[in-house]
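Shown next, in structure tokens, is the structure this report addresses.
The values are calculated or read from the model by the stated rules, or taken from the named source; none is laboratory data. The structure presented is a predicted model; accordingly, all values stated were derived computationally and were not measured. As a convention, Cβ positions derive from the backbone with ideal geometry for all residues, glycine included, and neighbour counts pool all protein chains shown. Please note that ligands, DNA and RNA were not included when accessible areas were found on the heavy atoms of the full protein model with its side chains. Shrake-Rupley method; radii C 1.70, N 1.55, O 1.52, S 1.80 Å.
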Amino acid sequence: MIRFNKPTITDLEEKYIIDSLRNGIHSGDGKYTKRVYELFYERFGIENMLLTTSGTDALEMASILADLVPGDEVITPSFTFSSTVNAFLLRGAKPVFCDIREDTFNIDENKIEELITDNTKAIYTVDYAGIPCEMDAINEIARKYDLVVIEDAAQAVGSTYKGRYAGTLSEYGCFSFHETKNFSMGEGGAIIVNLDEQMDRAEIIREKGTNRRQVLKGLVDKYTWHDIGSSFLPSDLLAAMLTAQMERYDEIFAKRMLVWNTYHAGLSELEQAGLLRLPIIPDYVEHNAHMYNILLPTDEIRSQLIDELKEKGVIAYICYVPLHSSPYGLSLGNKPEDCPVTEKIGHTALRLPLYADMTEEDALYVVKSINEILTQ
Ligand SMILES: Cc1ncc(COP(=O)(O)O)c(C=O)c1O
């Protein structure tokens, strides 16, 4: 059986978690949280990073930092996870769904401007499958209309756009360290505050609206309530797990890339025969091998492939049910035809198993199985 996802755990994760349990502090911002920040700084040059209890929470923090209020409109793709949109719906802002590009499945930067109104306040981009969006164009539109850009880089840790790392490409970047992501702490995430002047406020929002972190830094001797906020701070026990994963960065990256490249080479003949389409990576992007998805000609062929792969012991899933045509999206007044490309891709994209401990043989077995099914 080739599962869809499986966490990669070694003695190192165990060692750090046990050390944290026995010798560390169990609440947040202990030595492992600090070590995670060092590792992100050393590898990606990322500063102003705050670990959160999930990618969802990082997005919610960004919505508070962006001062979104009821009546604001936010432009976002609908080909994403509910958290991208819930984050600003919770502040009373309204989603305005923008269609996606056929090649990357990311927000179509050429369709954003026509959706801007006097109420538009922000653009939430999503680096789908770890592929950053066309951020120069998006940031330029944002500058022109004075909008905030929040990058949902939940899937994109380690990817680059024109040599710059995902998460650093706009005012705020949000990562996920959920079990299904490249680097996991079980449940967790981080916000990257790329506006230095917002960092103090971000620390307060993450600590239930208090300046507790300034006490920990020795800057003040007692803390008090300064702003709205929530309990967005994860336990140092979880940061211990993430420390191990980030120290294993090169190994995890190489293993995932091997599977990705095995799929890409092995399925190319089927693409040439017109039976499916492989992922398209723009030349300005270095991706992080987060996901491998194929596009099938029809919904029916996709369903049949999922069923027959399952019979062969391979678990593959659809990508997203688009948010604009989901039950809640429809109840907000959206219509399926609002985003035709999203609808088409939502019905025909298929995500193959991909995790670090999958072997090349596993990937070749998936390739062989897809070949057999589609050419029978
Ligand atoms: C694009 C996107 N945004 C947000 C999230 C939410 O992250 P988390 O599960 O860490 O809350 C995820 C992952 O599940 C995601 O894929």
> If D362 satisfies every condition in (1) part of a strand (DSSP E or B); (2) open to solvent by 10 Å² or more (accessible area, probe 1.4 Å) but one, which is the exception?
Replying inline: (1)
>> Step by step: first the residues of the stretch 174-194, then only those that are within 12 Å of the ligand (Cβ to nearest atom) and part of a strand (DSSP E or B), then the one that is farthest from M135 (Cα to Cα). Which residue is that?
In response: G189
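May I ask you to say which residue of G24, G45 is in the same structural domain as V157 (by TED's automatic domain parsing) and open to solvent by less than 40 Å² (accessible area, probe 1.4 Å)? Outline the logic, then answer.
Details: G45 fails: open to solvent by less than 40 Å² (accessible area, probe 1.4 Å).
Result of the check over G24, G45: G24.
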>> I'm told Y128 meets every condition in (1) in contact with a strand residue (DSSP E or B) (Cβ under 7 Å, 6 or more places away or on another chain); (2) buried (at least 24 other Cβ atoms within 10 Å of the Cβ); (3) of a type outside the set (V, I, T) except one. Can you identify the failing condition by its number?
In response: (1)
> When only residues in the stretch 1-21 that are within 10 Å of A244 (Cβ to Cβ) and surrounded by fewer than 18 Cβ atoms within 10 Å (Cβ to Cβ) count, which is nearest to the chain's Cα centre (by Cα)?
Replying inline: I9
> So is T168 open to solvent by 40 Å² or more (accessible area, probe 1.4 Å), over 16 Å from A66 (Cβ atoms) and not hydrophobic (A, V, I, L, M, F, W, C) or not?
Replying inline: yes
>> Of all residues being of a type outside the set (A, V, I, L, M) and closer than 17 Å to F40 by Cβ in the stretch 225-245, which is surrounded by the fewest Cβ atoms within 10 Å (Cβ to Cβ)? Just the residue, please.
In response: D236
>> Condition check: touching a helix residue (DSSP H, G or I) at 6+ places or on another chain (Cβ under 9 Å), modelled with pLDDT under 95 and surrounded by fewer than 23 Cβ atoms within 10 Å (Cβ to Cβ). Does R201 satisfy that?
In response: no
> If a residue has to be out of contact with any Asp or Glu (no Cβ under 8 Å at 6 or more places or on another chain) and touching a residue at least 12 places away in the same chain (Cβ under 8 Å) to count, how many in the stretch 339-358 make the cut?
Replying inline: 9
>> Suppose we filter L237, L258 for residues that are out of contact with any Pro (no Cβ under 7 Å at 6 or more places or on another chain), in contact (Cβ under 8 Å) with a residue 12 or more places away in the chain, away from the ligand (no atom under 15 Å from the Cβ) and in the same structural domain as I46 (by TED's automatic domain parsing); which single one remains?
In response: L237
> Quick one: E60 ticks every box in (1) out of contact with any strand residue (DSSP E or B) (no Cβ under 7 Å at 6 or more places or on another chain); (2) farther than 27 Å from A122 by Cα bar one, so which box is it?
Replying inline: (2)
>> Just to verify a result, which residue in the stretch 152-165, among those that are in a loop (DSSP other than H, G, I, E, B) and near the ligand (Cβ under 8 Å from one of its atoms), is surrounded by the fewest Cβ atoms within 10 Å (Cβ to Cβ)?
In response: Q155
> Any idea how many residues of the stretch 256-303 are closer than 19 Å to N371 by Cα and part of a loop (DSSP other than H, G, I, E, B)?
Replying inline: 11
>> I need every pair where a residue in the stretch 83-98 that is over 23 Å from G189 (Cα atoms) and outside the structural domain of G71 (by TED's automatic domain parsing) has its Cβ under 7 Å from the Cβ of a residue that is of a type in the set (D, E, K, R) and crowded, with 17+ Cβ neighbours inside 10 Å, sequence separation at least 6 or different chains.
In response: none
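Tell me the residue from G189, G163, G218, G173 that is within 22 Å of the chain's Cα centre (by Cα) and closer than 18 Å to G30 by Cβ, please.
G189
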>> Just the residues that are closer than 21 Å to E251 by Cβ and assigned to a loop (DSSP other than H, G, I, E, B), please, taken from the stretch 5-37.
In response: N5, K6, P7, T8, I9, T10
